[in-house]
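Below is one structure, written out as structure tokens; comments come after it.
The values are calculated or read from the model by the stated rules, or taken from the named source; none is laboratory data. Fair warning: this is a prediction, and the values are worked out from it, not measured in the lab. Cβ: placed from backbone, ideal geometry, glycine included. Neighbour counts: every protein chain shown.
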């Protein structure tokens with residue numbers, strides 16, 4: 001039982017490059033979300049999904065796209081990376097009904113130069 | 001909108017008790033969570049309150065007053081390994097999607113340093 005798996009763990013991009021951060025969970029969780037964590041800012045919600053085919057924006061969605069084609073996967077895409085997107089990114093998932101237990105992935109540390 | 005406040009840093013002594021406060025203003029309140037995060041690691045779940053009162057789990061307790069928009073996390077018998085950031089998060093109902101789940105909105109975290 002792997003829980004929430006994020007890849008890669010570390011990534012360096014050049015400004016303007018694109019990439020996809022992967023998030024997969026094997027707990028059959030309906031709800032999945034992406035956060036970024038910056039020093040002094042706490043965790044901020046980027047996008048979330050309540051099931052396959054349903055996504056919505058969080059607090060800081062600009063510059064990021066998501067899709068949810070399966071229950072298990074919730075990739076985060078950076079179309080044109082900017083230095084302001086240098087951050088640690090966390091994916092989290094939970095059941096939609098059970099009320100507790102958001103499980104976090106181990107994070108992706110992204111640097112945009 | 002939402003606003004969640006907690007102290008930026010706290011220092012305590014090994015073996016002592018420390019209380020970390022969290023105040024919040026939010027719409028659609030649907031529960032309050034405390035997470036622990038060691039440097040360079042992911043947040044891990046500590047406690048959950050949805051009704052007023054105290055929830056106890058070993059050395060950790062969490063209290064909620066919904067009318068005051070206030071919670072605290074109480075750590076007893078502090079150990080060096082308790083040095084970490086403690087994150088207060090409020091769950092808000094997620095649009096019209098139904099269910100009891102929702103988005104977690106986090107405070108900026110309290111960095112606790114435990115000294116010998």
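Side notes on the structure shown:
- Filter result for the condition that a residue is within 14 Å of another protein chain (Cβ to nearest Cβ) and modelled with pLDDT under 95, over A:98, A:109: A:98
- The set of residues in the range B:36-47 that are more than 8 Å from chain A (Cβ to nearest Cβ) and under 10 Å from residue A:43 (Cβ atoms) contains only B:37.
- Output for the range A:33-64, where each listed residue is assigned to a loop (DSSP other than H, G, I, E, B) and within 11 Å of chain B (Cβ to nearest Cβ): A:39, A:40, A:41, A:58, A:59
- Residue within the range A:4-16 that is on the phi < 0 side of the Ramachandran plot, crowded, with 16+ Cβ neighbours inside 10 Å and more than 11 Å from chain B (Cβ to nearest Cβ) present: yes
- Between A:67, A:80, A:87, the distinction of being within 27 Å of residue B:2 (Cα to Cα), out of contact with any strand residue (DSSP E or B) (no Cβ under 6 Å at 6 or more places or on another chain), more than 13 Å from every other protein chain (Cβ to nearest Cβ) and modelled with pLDDT of 95 or more belongs to A:67 only.
- Counted residues, the range A:28-58 - those being out of contact with any strand residue (DSSP E or B) (no Cβ under 7 Å at 6 or more places or on another chain) and within 20 Å of residue A:95 (Cα to Cα): 5
- Qualifying residue in the range B:7-28 (condition: at pLDDT below 95, in contact with a strand residue (DSSP E or B) (Cβ under 9 Å, 6 or more places away or on another chain), within 11 Å of another protein chain (Cβ to nearest Cβ) and assigned to a loop (DSSP other than H, G, I, E, B)): no
Quick grid of which residues meet (1) within 15 Å of the chain's Cα centre (by Cα); (2) surrounded by fewer than 19 Cβ atoms within 10 Å (Cβ to Cβ):
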residue: B:16; (1), (2): no, yes
residue: B:23; (1), (2): yes, yes
residue: B:32; (1), (2): yes, no
residue: B:35; (1), (2): yes, no
residue: B:38; (1), (2): yes, yes
residue: B:57; (1), (2): yes, yes
residue: B:69; (1), (2): yes, yes
residue: B:78; (1), (2): no, no
